[in-house]
Structures are given as structure tokens and as C-alpha cells.
Amino acid sequence: MSTFDDREKGFEKKFALDQDQEFRANARRNRLLGQWAGELMGLEGQSAEDYAKAVVKSDFELPGDDDVLRKVFEDLKSAGLSTTEGEVRNKMDELLAQAREQVRAGS
């Protein structure tokens, strides 16, 4: 096998690993977002866990983050909380950075 083939296989493995880590970071971000929103809505215990799981599941409706943003924003609004889509988007960005660090650290 040539050096080129070895490098190609190495790049393919790194790409697969990066994609897996990004998927796990997004799922973790969505769970953290669900926990944050659930706390704002006053959910506790099993209700809070169920809501966090529902936020994670909402990410599979459409490609991208818009389905998660829409769910959390609408739920917060329905709960009578004053928030904007921009505030939810900023929280999503903040939690994604946190989730990426957690995934890299293996926690």
C-alpha cells in the first residue's frame, strides 16, 4: 500500500470520527437546551427529563437546527415566558460549545 493510500484512509477515519463527535455534541446540546428550557418552565423530575428527551427527538424532524429552535421557542412562549428567538439561538450556540468540550473530554 502506498503512502498516499495510507493518508487517504487516515483522512477517512478522521472524517468519520469528526462526524460522530459532531452528532453526539449536537444531541448533547439539545439535551442541555431541553434541561435549560424545562427549568425555565418550572419542570422538575421526570417531567424535566421527558421534556429534554422531546427536545432531542425534535432534531430529527428536519435538517438543521430550526426544528429544535422552533420547538423550544414555542414551548417557552406557550409557558408565558418572555423570550426571543435570538435569545434561544444564543443559548443554543453557548450550549453547543459546552457540549463539544464535553464530548472531546469523553464525559
Of all residues in region 64-82 being surrounded by 15 or more Cβ atoms within 10 Å (Cβ to Cβ) and aliphatic (A, V, I, L, M), which is farthest from Asp93 (Cα to Cα)? Leu76
Note on Ser2: of the conditions (1) within 25 Å of Arg104 (Cβ to Cβ); (2) exposed (fewer than 10 other Cβ atoms within 10 Å of the Cβ), unmet is (1)
Matching residues in region 90-107 - criterion: being small (Gly, Ala, Ser), in a helix (DSSP H, G or I) and without any contact (Cβ under 8 Å) to a residue 12 or more places away in the chain: Ala97, Ala105
Any residue that is assigned to a helix (DSSP H, G or I) and surrounded by fewer than 10 Cβ atoms within 10 Å (Cβ to Cβ) - is there at least one of those in region 40-63? yes
In region 64-87, what residues are farther than 21 Å from Ala27 by Cβ and either modelled with pLDDT of 95 or more or part of a helix (DSSP H, G or I) (or both)? Lys77, Ser78, Glu85, Gly86, Glu87
Search region 71-89 for residues that are of a type in the set (Lys, Arg) and pair each with any residue that is outside any helix (DSSP H, G or I) when their beta-carbon atoms are under 8 Å apart and the residues are at least 6 apart or on different chains. Lys77/Thr83
For region 3-47, what are the residues that are of a type in the set (D, E, K, R) and either under 12 Å from the mean Cα position of the chain (by Cα) or under 24 Å from Lys91 (Cβ atoms) (or both)? Glu22, Arg24, Arg28, Arg29, Arg31, Glu39, Glu44
Considering only region 9-29, I want to know if a residue exists there that is touching a residue at least 24 places away in the same chain (Cβ under 8 Å), under 27 Å from Gly106 (Cβ atoms) and small (Gly, Ala, Ser). yes
Kindly establish whether Leu33 is assigned to a helix (DSSP H, G or I), of a type outside the set (Gly, Ala, Ser) and in contact (Cβ under 8 Å) with a residue 24 or more places away in the chain. yes
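The values are calculated or read from the model by the stated rules, or taken from the named source; none is laboratory data. It should be emphasised that the depicted structure is a prediction, and the values quoted were computed from it without experimental measurement. Quick reminder, even Gly has a Cβ in these numbers, built from the backbone with ideal geometry, and neighbours come from all protein chains shown.
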